[in-house]
Amino acid sequence: LRLLPRQRYLRAEGAEVSALERKRNVLCCLITRILKAEKQLHIDNLVFRVIDACQKGELRPGLQFLSFCCHSVDVLSCVLHLLNQGYLRRQEERPHVLEY
């Protein structure tokens with residue numbers, strides 16, 4: 001009985017998972033930094049500001065990272081994650097406004 005070597009796509013999946021986790025961490029950092037500064041923000045404005053920061057490669061003034069492609073679905077997924085973790089909350093009378 002001979003064991004076959006691991007397939008390359010299995011290693012690629014692990015690398016992709018790691019890259020997605022890093023991307024999610026950067027997005028979560030951007031969201032919290034923006035909301036810390038603004039205290040409250042309409043969700044649409046937040047999405048646009050995060051996407052703009054991703055394209056420019058700016059986490060904050062003086063702190064750069066490699067720019068990457070970011071879509072509104074990615075940002076909204078991170079917003080939901082942060083809402084579930086309790087880092088963000090919605091205003092009861094205006095649920096489209098997020099607060100830190």
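The values are calculated or read from the model by the stated rules, or taken from the named source; none is laboratory data. Given the structure is predicted, the values throughout are model-derived calculations rather than measurements. Cβ: placed from backbone, ideal geometry, glycine included. Neighbour counts: every protein chain shown. Keep in mind that these areas ignore ligands, DNA and RNA; they rest on the heavy atoms of the full protein, side chains included. Shrake-Rupley method; radii C 1.70, N 1.55, O 1.52, S 1.80 Å.
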Can you find even one residue in the range 61-74 that is of a type outside the set (S, T, N, Q), in a helix (DSSP H, G or I), open to solvent by less than 60 Å² (accessible area, probe 1.4 Å) and modelled with pLDDT of 90 or more?
no
Residue in the range 49-60 that is modelled with pLDDT under 80, open to solvent by less than 80 Å² (accessible area, probe 1.4 Å) and out of contact with any strand residue (DSSP E or B) (no Cβ under 8 Å at 6 or more places or on another chain) present:
yes
Near pairs, Cβ below 8 angstrom, 6+ apart or cross-chain, from the range 70-85 (farther than 21 Å from LYS56 by Cβ and without any contact (Cβ under 8 Å) to a residue 24 or more places away in the chain) to any residue that is open to solvent by 40 Å² or more (accessible area, probe 1.4 Å) and not in a helix (DSSP H, G or I):
LEU83/ARG89; LEU83/ARG90
